Amino acid sequence: MTKIMIVDDEQDIIFLISKILEKEGYEVVGAISGEECLEKLREEKPDLILMDIMMPGIDGWETVRRIKSDPEMSGIPVVMLTVKGEREDKLKSFHYSKCDGYLVKPVERTELVKVIKWVLG
């Protein structure tokens, strides 16, 4: 079963996105911070990560940059899922963090599922 990690400091968002993805047949694991994400990655081995940008501590950009610079984790695709929809935010996500996709909250169920399927190939 394909496993997706949702990283967001809002538990309600993790819960809502989890319900959508579980109905689509995905296994879901959550993390409420960049630090928790980095701690859980090697154990959980997700196939894809949905990453919020604005979080206390390590923000999403830095968390993804660390994931992509680690040879053991760099192959995990990361889709930013954030309220930050400005061009500069998207460019920073692709160029600085090297994310694999970008979705703006609130996201429609069909868009979320299609982007996940596209990124997973």
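The values are calculated or read from the model by the stated rules, or taken from the named source; none is laboratory data. All values reported here derive from a predicted model rather than from experimental measurement. Note that we place each Cβ from the backbone using ideal geometry, even for glycine, and neighbour counts take in every protein chain shown.
Do we have any residue at all in the range 79-92 that's modelled with pLDDT of 95 or more, closer than 14 Å to E62 by Cβ and not basic (K, R)?
Checked the range 79-92: at least one residue is modelled with pLDDT of 95 or more, closer than 14 Å to E62 by Cβ and not basic (K, R).
Return the residues of the range 62-93 that are buried (at least 23 other Cβ atoms within 10 Å of the Cβ) and in a helix (DSSP H, G or I); say none if nothing qualifies.
T63, V64, I67, S93
Taking the range 65-116 only, how many residues are closer than 16 Å to I17 by Cβ and free of Cβ contacts under 8 Å to residues at least 24 places away in the same chain?
7
Across the range 27-76, what is the number of residues that are out of contact with any helix residue (DSSP H, G or I) (no Cβ under 8 Å at 6 or more places or on another chain) and of a type in the set (S, T, Y)?
2
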